[in-house]
Amino acid sequence: MAITGTLPSSPFLGHVPFYLGKSSSAHNTHNSVCIFKVKALFWGSRRSVKPADKVLSLGEFTLSEADSLGDTGTPEKISVSVVSSISEVSPDNWDSCSLDATGHQQFNPFLSHGFLSSLEESGSAVEGTGWIPQHIIAEDESKNILGVVPLYLKSHSYGEYVFDNSWANAYYNYGLSYYPKLQCSVPFTPVAGPRILVRKTSHRDQVFDILVSAMKDLAVKFNVSSLHITFPTSNEWHKLEEKGFLQRTGMQYHWKNRNYKNFDEFLMDMKQSKRKNIRQERKKISAQNVTMKRLRGHEIKASHWDTFYKFYRNTTDNKWGTAYLTRDFFHRMGAKMGDNVLLVVAEEGDELVAAALNLIGGDTLYGRLWGCLPGTYYANLHFEACYYQAIDAAIELNLSTVEAGAQGEHKIQRGYMPVPTYSCHYILDEDFKRIIDDFLVRETAQVKLVMNLLQDSGPFKENVWN
């Protein structure tokens, strides 16, 4: 029997043939063809899975002799377990793993205990919303934590920004359950960074391998369809291919700081027509009696978060989206993240009319959410708050990059150029693994083609972007 259909999961490919069969001749057997389209994210019965209630042991692993030599006090055994809440790990232990994984200069705020715990404590990423925390922890015989992995058992595909809806549909049409699945990621956050967070020791490569093996073992133990690691670093992406993960690429738009002293210097790198358009857009802000401010840390009051939550809900409601984050999340996150939070606000007189939320990393400004007062419209305010103010801030803070979130080709003409993103997928069913692998090869070729076309039509002068 062969299954064929379309895979509209790629924004670049449109409808791509998708086959499941024992031989290529089956592709032309009309009587065994089943055409399908994506209908929903939830279908039928679920696989029976019992997640860890608090702590679940995944066993002990022994370090090899080669890694242990010359490192006084190196442990011989590592125990690996699953915890049902990040609160089971101290902020110091979690953040030590995160900082060692990124390096201080590339600190990623989304991987911090403060950010991830805010998601759980606020009820945003919890069992009730389809994100069951199942974080993996590796510790030595002295209970020193050597590595952590942010991991969730999921019953849907919302809030991931790497789209596998059509894969779930294919499973359903083949009589299989796609959900639940395991998701290694930062919930609701399409930001690249390390996903296997390991302390910097002489045996960190072994700990990395042990944690990856533990994730795969957990996928088998839980009898899930698949394990997904989304937005890892390119280094992790390549390593995970060697461990049986399928590779997928995507695309985002980032702004790069070429040691600019101010915004006008950045504009001088752009083609004349693009430079003129941006200047006109920025002039319209003041012409509408709108004042822009950038607030950081203690400057952001509880009232700002309450108002921003209204803006956020206005955005999700208008776009038929889902408000993944609760009001409490913004208050908790703001209190825990301190000066790593930058809130761009727009005021007309004494009234707050719009705002854009950013987080500050070691060398990057991350633009995340935007919203405005319901029923209002200010020309070009979205561009000003989300893109131009972010560039101003990055120049002021001497940051190398602005990541302005997922999607949006309109960002290109404002100086944000396409860059690749990565994800890794461990598919337990061998038939589906072969099919999805074939699809990803074709999708990757299309992504590369689109990126090249967009870069060739970019807003910068010749030889500026590379």
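The values are calculated or read from the model by the stated rules, or taken from the named source; none is laboratory data. Quick caveat: nothing in here was measured; it's all calculated off a predicted structure. Here Cβ is always computed from backbone atoms with ideal geometry, including for glycine, and neighbour counts include all displayed protein chains. Keep in mind that these areas ignore ligands, DNA and RNA; they rest on the heavy atoms of the full protein, side chains included. Shrake-Rupley method; radii C 1.70, N 1.55, O 1.52, S 1.80 Å.
Go through segment 332-341 and count every residue that is free of Cβ contacts under 8 Å to residues at least 60 places away in the same chain and in a helix (DSSP H, G or I).
4
Based on what the data block shows, is THR230 in contact with an Asp or Glu (Cβ under 8 Å, 6 or more places away or on another chain) and modelled with pLDDT under 95?
No: the conditions fail for THR230.
Could you tell me whether segment 362-382 includes any residue that is open to solvent by less than 40 Å² (accessible area, probe 1.4 Å) and without any contact (Cβ under 8 Å) to a residue 40 or more places away in the chain?
The answer is yes, given that some residue of segment 362-382 is open to solvent by less than 40 Å² (accessible area, probe 1.4 Å) and without any contact (Cβ under 8 Å) to a residue 40 or more places away in the chain.
Only one of these conditions is not met by VAL464: (1) more than 28 Å from LEU381 (Cα to Cα); (2) modelled with pLDDT under 95. Which number is it?
Unmet condition: (1).
Please go through segment 336-359 and pick out each residue that is buried (at least 16 other Cβ atoms within 10 Å of the Cβ) and farther than 30 Å from ALA287 by Cα.
Result: LYS336, MET337, ASN340.
Just to be sure before I move on: is ASP431 under 21 Å from ILE229 (Cβ atoms) and open to solvent by 20 Å² or more (accessible area, probe 1.4 Å) in the structure I sent?
For ASP431, the condition - under 21 Å from ILE229 (Cβ atoms) and open to solvent by 20 Å² or more (accessible area, probe 1.4 Å) - is not met.
Assess whether ASP438 counts as being at pLDDT 95 or above and open to solvent by 60 Å² or more (accessible area, probe 1.4 Å).
Here the answer is yes, as ASP438 does meet what is asked.
Pull up segment 383-398, narrow it to residues that are open to solvent by 10 Å² or more (accessible area, probe 1.4 Å) and hydrophobic (A, V, I, L, M, F, W, C), then point me to the one that is nearest to the chain's Cα centre (by Cα).
CYS386
Tell me which residues, restricted to segment 137-182, are aromatic (Phe, Trp, Tyr) and under 25 Å from GLU443 (Cα atoms).
Correct list: TYR158, TYR161, PHE163, TRP167, TYR171, TYR172, TYR174, TYR178, TYR179.
For segment 196-227, what are the residues that are assigned to a loop (DSSP other than H, G, I, E, B), among the small types (Gly, Ala, Ser) and either out of contact with any Asp or Glu (no Cβ under 6 Å at 6 or more places or on another chain) or at pLDDT 95 or above (or both)?
The answer is SER225, and nothing else.
Of all helices (runs of 4 or more DSSP H) completely enclosed by segment 236-323, which ones contain at least 3 residues that are open to solvent by 20 Å² or more (accessible area, probe 1.4 Å), more than 18 Å from ASN380 (Cβ to Cβ) and out of contact with any Phe, Trp or Tyr (no Cβ under 6 Å at 6 or more places or on another chain)?
302-318
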